[in-house]
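One structure is given below, encoded as structure tokens.
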Amino acid sequence: MPLNERDRIEILMMIGVGDRMRTQQEVCRLFHEMHPDREPVSQSTVSRIERKYRELGHVRDAPRQGRPKINENVQQDVILSALENPHCTVRQVSRDLNIGKSSVSNIFKKVKYHPYRVRLIHELAEDDFDRRTEFCEYMMDHNNQNNGFIANILFSDEATFFLNGHVNRQNTRYWSQENPHWMQEYHTQHPQKLV
């Protein structure tokens, strides 16, 4: 088990000062007698602790290298921003709080927040069932009269811009720990749009 700062200070006190100094071997033996349940320290460890104290004036660990940890306040700010606006994107939170997108994602993951997508549903009117039945019958009749009728239908991938505030489901998320079953109802299947 590595020595903590308290153990290192204890070793320094065992070494002593002035004419009442102990040898490194004596310090190792004394430390082991005081802590028989722990792994004994070596003379090189005692030497390193003594040298560090003489050079730096303390025996604390040096600051660790690597990526800095995100502090608690920033984590709370990220969570609060998701609570205040569950429709926010990782990019928006990242930009608002001036931290990396991956850090925001990691914080959301840590608190078990998931991005739920909107599910669009159409409001059905009374005559919609009849209209769908008529359309199916029309398509079946035309297919029976003209065998290649359905093969002549061209389906295209076109961009459509809705004038009624249609939700872009590709970019919209709802951050929450539980699925909110978020749905948006449309009152017509044919809103005004620009193609």
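Some points to look at:
- Selection within region 1-55 - open to solvent by 70 Å² or more (accessible area, probe 1.4 Å) and among the polar types (S, T, N, Q): Asn4, Thr23, Gln25, Gln43
Here's the yes/no breakdown for (1) over 16 Å from Asn179 (Cβ atoms); (2) open to solvent by less than 70 Å² (accessible area, probe 1.4 Å); (3) free of Cβ contacts under 8 Å to residues at least 40 places away in the same chain:
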| site | (1), (2), (3) |
| --- | --- |
| Ala82 | no, yes, no |
| Val90 | yes, yes, yes |
| Tyr113 | no, yes, no |
| Glu123 | yes, no, no |
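- Criterion applied to Val104, Val195, Val90 was being of a type outside the set (D, E, K, R), touching a Ser or Thr at 6+ places or on another chain (Cβ under 6 Å) and modelled with pLDDT under 85, and the one residue passing it is Val195.
The values are calculated or read from the model by the stated rules, or taken from the named source; none is laboratory data. Predicted, not measured: the structure shown is a model, and the values here were computed from it. Cβ coordinates were reconstructed from backbone atoms using ideal geometry, including for glycine residues, and neighbour counts include every protein chain displayed. For accessibility, only protein heavy atoms count, side chains too; no ligands or nucleic acids. Shrake-Rupley method; radii C 1.70, N 1.55, O 1.52, S 1.80 Å.
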